[in-house]
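Chemist: Sharing a structure, written as structure tokens. Questions coming.
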């Protein structure tokens, strides 16, 4: 079995092409693909699966079972699930397939499904509705679905983003076992994520495969070394605020949650949680997938309906005491995986940035020229002005995430809430965003609430830590200054 691509050009959107001079995969090879955001890594994965139109050159594949996983595939499956649920209103308590049914995807190999779930530590998820899982849990289930197909070529596009550290370790060990049976292509955004067991490296730049071969050889090439250097250096100043900064009172907590409980039926998500966030405190929130981190943040952003049934005080006002959701959102910049999935409107890159000034998904009003110019200044900081008129959804997942993070920052908000913001970002853009965060906190006095599984992602401005720690079948909440 082999996959061979020779002198190939694959058609992309906007009249662009992906250029692959030569690439070949043999059984039991473990390839890792690197490159900056927008370099063509995800398009490369599609080309390997023959899912892009071939304009010229050769494509030959004798692998019989080729399976893949990516952010885009995750979004497609979730959108299809939601559409099916919206079309079926016969049973309000029906939420579609369980995690087990999703992994099986029509297969009858129940025993193998259980075996995979046990190895990946997700047996406890099998009976839960797929649509009710957290973002990280969803990824685990879809990765398990790919394994159930017993692939002889497995293509994984950023599979570990959003997974807690134990889950990443479990997956690394499974892939190390799997490479004895099949070929693997793993796409990563950070060079630090390249597994020690990888045998080959490929590098893309400007929609062209510029390096490919055995790992030791590639790591010595100057163009690869330039990518290493780029991940280590960044120094960019933020644009000035478009208007006077909003100030929050310094004499009261910004957020106060007392004895908060959130549950769906018998499933308790948060159990008698207490948390007070005072001015000038910057919190890092961490814990396993499914612990309730995103639920906690949704209480603060005003998006969770059970906030009204609990003691949740936001900016000095009890939820339900008359404040509007827009009063809250005006003071907050926010990014999450769910927001990324929800940002489905047809708009340009520039319009995504502009929407951050109005806390909207899309643009629904006349835009002052001063705001348009300020948005272009932000794009200039990202070196993306050439993409201003490009449709947002035509960009790579990493480029989309970078723009949504920028959208959350453009107001220089009093509070910045980042829920797993770095998913899909390459090393350079992670460093750039951390640099932006530090500037907002230090210069604009923005308060930060930050969720990440990666210790290396935490900004230097963190002052406090909120940890979800599993104890038997529940979580305890440990809070401390750092």
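Chemist: Determine whether segment 61-79 contains at least one residue that is modelled with pLDDT under 80, farther than 21 Å from residue 340 by Cα and surrounded by 10 or more Cβ atoms within 10 Å (Cβ to Cβ). Steps first, please.
Modeler: Restricting attention to segment 61-79, the residues satisfying the condition of being modelled with pLDDT under 80 are none.
No, because not a single residue in segment 61-79 is modelled with pLDDT under 80, farther than 21 Å from residue 340 by Cα and surrounded by 10 or more Cβ atoms within 10 Å (Cβ to Cβ).
Chemist: Still on this structure: Which strands (runs of 3 or more DSSP E) sit wholly inside segment 184-274 and have at least 2 residues that are in the same structural domain as residue 422 (by TED's automatic domain parsing) and surrounded by 14 or more Cβ atoms within 10 Å (Cβ to Cβ)?
Modeler: Values: elements: 200-205, 208-214, 255-264.
Hits in segment 184-274: 255-264.
Chemist: Just give me the residues in segment 375-399 being under 20 Å from the mean Cα position of the chain (by Cα), crowded, with 16+ Cβ neighbours inside 10 Å and touching a residue at least 60 places away in the same chain (Cβ under 8 Å), in sequence order.
Modeler: Selection gives 395, 396, 397, 398, 399.
Chemist: For residues that are exposed (fewer than 15 other Cβ atoms within 10 Å of the Cβ) and touching a helix residue (DSSP H, G or I) at 6+ places or on another chain (Cβ under 9 Å), scanning just segment 102-120, find the one that is nearest to residue 168 (Cα to Cα).
Modeler: First, pick out the residues of segment 102-120 that are exposed (fewer than 15 other Cβ atoms within 10 Å of the Cβ): 105-111, 114-115, 118.
The next check asks that each one be touching a helix residue (DSSP H, G or I) at 6+ places or on another chain (Cβ under 9 Å); those that pass are 105, 107, 109-110, 114.
Details: 105: 24, 107: 26, 109: 25, 110: 24, 114: 19 Å.
Among them, the one singled out is 114.
Chemist: Out of 246, 227, 257, I need the residue that is out of contact with any helix residue (DSSP H, G or I) (no Cβ under 8 Å at 6 or more places or on another chain) and either within 30 Å of residue 411 (Cβ to Cβ) or at pLDDT below 95 (or both). Which one?
Modeler: On the way: 227 fails: out of contact with any helix residue (DSSP H, G or I) (no Cβ under 8 Å at 6 or more places or on another chain); 257 fails: out of contact with any helix residue (DSSP H, G or I) (no Cβ under 8 Å at 6 or more places or on another chain).
Residue meeting the stated conditions: 246.
Chemist: So, one more: From the residues in segment 129-144 that are without any contact (Cβ under 8 Å) to a residue 60 or more places away in the chain and in contact with a helix residue (DSSP H, G or I) (Cβ under 6 Å, 6 or more places away or on another chain), which one is farthest from residue 183 (Cα to Cα)?
Modeler: Narrowing segment 129-144 to residues without any contact (Cβ under 8 Å) to a residue 60 or more places away in the chain: 129-131, 141, 144.
Now restrict to residues that are in contact with a helix residue (DSSP H, G or I) (Cβ under 6 Å, 6 or more places away or on another chain): 130-131, 141, 144.
Details: 130: 29, 131: 31, 141: 21, 144: 17 Å.
Filtering segment 129-144 for residues that are without any contact (Cβ under 8 Å) to a residue 60 or more places away in the chain and in contact with a helix residue (DSSP H, G or I) (Cβ under 6 Å, 6 or more places away or on another chain), the one farthest from residue 183 (Cα to Cα) comes out as 131.
Chemist: Still on this structure, I have one more. What is the number of the single condition among (1) surrounded by 15 or more Cβ atoms within 10 Å (Cβ to Cβ); (2) in contact (Cβ under 8 Å) with a residue 60 or more places away in the chain; (3) at positive phi that residue 28 does not meet?
Modeler: Against the list (1) surrounded by 15 or more Cβ atoms within 10 Å (Cβ to Cβ); (2) in contact (Cβ under 8 Å) with a residue 60 or more places away in the chain; (3) at positive phi, residue 28 comes up short only on (1).
Here's the yes/no breakdown for (1) at pLDDT 90 or above; (2) assigned by TED's automatic domain parsing to the domain that holds residue 168; (3) touching a strand residue (DSSP E or B) at 6+ places or on another chain (Cβ under 6 Å); (4) within 26 Å of residue 294 (Cα to Cα):
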position: 85; (1), (2), (3), (4): no, yes, no, yes
position: 88; (1), (2), (3), (4): no, yes, no, no
position: 91; (1), (2), (3), (4): no, yes, no, no
position: 102; (1), (2), (3), (4): yes, yes, no, yes
position: 111; (1), (2), (3), (4): yes, yes, no, no
position: 117; (1), (2), (3), (4): yes, yes, no, yes
position: 123; (1), (2), (3), (4): yes, yes, no, yes
position: 126; (1), (2), (3), (4): yes, yes, no, yes
position: 130; (1), (2), (3), (4): yes, yes, no, yes
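Chemist: Taking only segment 312-337 into account, find how many residues are surrounded by fewer than 17 Cβ atoms within 10 Å (Cβ to Cβ) and out of contact with any helix residue (DSSP H, G or I) (no Cβ under 6 Å at 6 or more places or on another chain). Working first, answer last.
Modeler: From segment 312-337, those surrounded by fewer than 17 Cβ atoms within 10 Å (Cβ to Cβ) are 316-318, 320-327, 330; that's our starting set.
Among the residues that remain, those that are also out of contact with any helix residue (DSSP H, G or I) (no Cβ under 6 Å at 6 or more places or on another chain) are: 316-318, 321-327, 330.
The qualifying residues number 11.
Chemist: Determine whether segment 418-429 contains at least one residue that is touching a residue at least 40 places away in the same chain (Cβ under 8 Å), in the same structural domain as residue 289 (by TED's automatic domain parsing) and closer than 20 Å to residue 377 by Cα.
Modeler: Yes; the residues of segment 418-429 include at least one that is touching a residue at least 40 places away in the same chain (Cβ under 8 Å), in the same structural domain as residue 289 (by TED's automatic domain parsing) and closer than 20 Å to residue 377 by Cα.
Chemist: Checking residue 300 against (1) in a helix (DSSP H, G or I); (2) at pLDDT 90 or above; (3) surrounded by fewer than 21 Cβ atoms within 10 Å (Cβ to Cβ), which single condition isn't satisfied?
Modeler: Every condition holds for residue 300 apart from (3).
Chemist: Oh, and also: Could you give me the residue pairs with C-beta distances under 7 Å whose first residue belongs to segment 44-70 and is touching a residue at least 60 places away in the same chain (Cβ under 8 Å), whose second residue is surrounded by 13 or more Cβ atoms within 10 Å (Cβ to Cβ) and assigned to a helix (DSSP H, G or I) wherever it lies, and which are 6+ apart or on separate chains?
Modeler: Listed by first residue and then by second, the contacts come to 67/146; 68/45; 68/146; 69/142; 69/143; 69/146; 70/42; 70/45.
Okay, residues lined up against (1) assigned to a strand (DSSP E or B); (2) at pLDDT 90 or above; (3) within 25 Å of the chain's Cα centre (by Cα):
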residue	(1), (2), (3)
308	no, no, no
322	no, no, no
341	no, no, yes
345	no, no, yes
352	no, yes, yes
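Chemist: Does segment 56-72 include one or more residues that are under 27 Å from residue 227 (Cβ atoms) and out of contact with any helix residue (DSSP H, G or I) (no Cβ under 9 Å at 6 or more places or on another chain)?
Modeler: Yes.
The values are calculated or read from the model by the stated rules, or taken from the named source; none is laboratory data. What you see is a predicted model, and the numbers here were worked out from it, not measured in a lab. Because the Cβ atoms are built from the backbone with ideal geometry, glycine has one as well, and the counts that use them run over all protein chains shown.
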